[in-house]
Amino acid sequence: MDFRLTPQQEALKKEFDDFFKEEEKRAPENWIGGFETRFETDENWAYYRSVIERVAKKGWLALPWPKKYGGQEMGLIEQALFAQSAEYHRVPAIDVHLSIVSASILEYGSEEIKSHWLPRMARGEINFAQCWSEPNAGSDLASLTTRAVEDGDDYVINGQKIWTTGAHRADHLFVLARTDPNAPKHKGLTYFLTEINRPGITIRPLYYMNRAHVYNETFFDDVRIPKKNIVGQVNQGWYVTMAGANFERSGAGGVAALQRDLEDLVQFCKETVRGGQALSKDPMVQRKLAELAVQIEAARQWSFYCAWQQSKNPLTFAEPSASKYFMTELMVRFANTAVEIMGLYGTLKQGSKWAALKGKFESQCQITLGFTIAGGSTETQKNVIAWLGLQLPRLK
């Protein structure tokens, strides 16, 4: 792989950077970036929606998709450049849920599904929430028990989902449900798309300790979803799900967000005096910052490698899992290291007049551990790497 960008890619990267640099100036005063922040307040959500509308008008929500579905027919490298530019400038132009659904539809959807859903998604008209996890099926997603029973032209769904990110803001859901209870657990699952306002769907909030509202419980009580809303084949939903999950796991945007955080942390160290000298002069601080810089660069190159691999084979599994594993563990190390360097100031919450960098790293210390679980836990990724990447035998 050649890591150098082509002249066309360099020009496109500059166009992205120029656009998002200006969009960042419109962010709410206490905006700190990150996927979940958009759901917390009405002001944040309004900012997110305004960005999505502007990006959609430029045709950037669907860069790699075929033009007949509203895309630009660019490559996944260009998509990675877009994600990194947006995340570096902390602009919420990346809709993880939309990316997951679109990857599944493009790989497994019928022509009817593609023609109906993708153009609306490319125009930014749909806000999805993900209904995968259940109270007893998280990392072991294939253990889910939500049932979908065939009834005429519909399937009738009953069950409960949990940790439904942003469901209180969404207008659509993508749902994984069991259609064959007698099949092995990875079989017998089906992937559905649905409007959130269908009768029988109930959304209940799950609040953080600070009362922020990001997650929800979602209940399905005799919810009827038409068969035409199934992506892929009945009982083959696991493979549809993994196509979307692997696209999410490459992590191109998150690397750029960490790079920006590192730059802010370095500047803090240059400006903060402790023991008569700037923190940036402390050899221990220098070593910690250098280690983070090296790891971020490794993550950046791996994310581009994943995009290159996926451009050749969309069903690449081991490389995205390796990227997800390394990236989410790095996010935890970064947040903890940042607070260690900042000392007691690093533990102050957003809103305190003494909180440096808007209290970002105090928040990240609490949030980032969840990223090692969401989207497939670190332990799950290690298994995928071992079994599919290294071809190691499975224990009987």
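Taking the condition out of contact with any His (no Cβ under 8 Å at 6 or more places or on another chain), at pLDDT 95 or above and buried (at least 16 other Cβ atoms within 10 Å of the Cβ), does Phe220 pass?
yes
Which condition does Met342 not pass, out of (1) touching a residue at least 12 places away in the same chain (Cβ under 8 Å); (2) hydrophobic (A, V, I, L, M, F, W, C); (3) more than 25 Å from Ile385 (Cα to Cα); (4) touching a Lys or Arg at 6+ places or on another chain (Cβ under 8 Å), if it passes all the others?
With respect to (1) touching a residue at least 12 places away in the same chain (Cβ under 8 Å); (2) hydrophobic (A, V, I, L, M, F, W, C); (3) more than 25 Å from Ile385 (Cα to Cα); (4) touching a Lys or Arg at 6+ places or on another chain (Cβ under 8 Å), Met342 is out only on (4).
Please determine whether any residue of region 142-155 is hydrophobic (A, V, I, L, M, F, W, C), modelled with pLDDT under 95, not assigned by TED's automatic domain parsing to the domain that holds Ile373 and not in a loop (DSSP other than H, G, I, E, B).
yes
Tell me the residue from Gly124, Gly159, Gly166 that is at positive phi and in a strand (DSSP E or B), please.
Going through Gly124, Gly159, Gly166 in turn, just one is at positive phi and in a strand (DSSP E or B): Gly159.
Out of the helices (runs of 4 or more DSSP H) lying entirely within region 307-396, which hold 2 or more residues that are hydroxyl-bearing (Ser, Thr, Tyr) and within 30 Å of Glu29 (Cβ to Cβ)?
The qualifying helices (runs of 4 or more DSSP H) are 318-342, 360-371.
Please count how many residues of region 76-109 are closer than 28 Å to Glu43 by Cα, of a type outside the set (A, V, I, L, M) and part of a helix (DSSP H, G or I).
Count: 9.
Can you name the residue in region 169-213 that is in a loop (DSSP other than H, G, I, E, B) and among the basic types (Lys, Arg) and is also nearest to Arg120 (Cα to Cα) among such residues?
In this case the residue turns out to be Arg169.
Using the structure shown, decide if Ala335 is surrounded by 14 or more Cβ atoms within 10 Å (Cβ to Cβ), under 22 Å from the mean Cα position of the chain (by Cα), outside the structural domain of Phe82 (by TED's automatic domain parsing) and modelled with pLDDT under 85.
No: the conditions fail for Ala335.
Each row is one residue, and each column tells you yes or no for (1) surrounded by fewer than 23 Cβ atoms within 10 Å (Cβ to Cβ); (2) closer than 26 Å to Gly33 by Cβ; (3) in contact (Cβ under 8 Å) with a residue 40 or more places away in the chain.
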site: Gln79; (1), (2), (3): no, yes, yes
site: Ala83; (1), (2), (3): no, yes, yes
site: Val96; (1), (2), (3): yes, yes, yes
site: Asn136; (1), (2), (3): yes, no, no
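The values are calculated or read from the model by the stated rules, or taken from the named source; none is laboratory data. Being a predicted model, the structure only gives us computed values, none of them experimental. Using ideal geometry, Cβ is built from the backbone for each residue, glycine included, and neighbour counts are taken over all protein chains shown.
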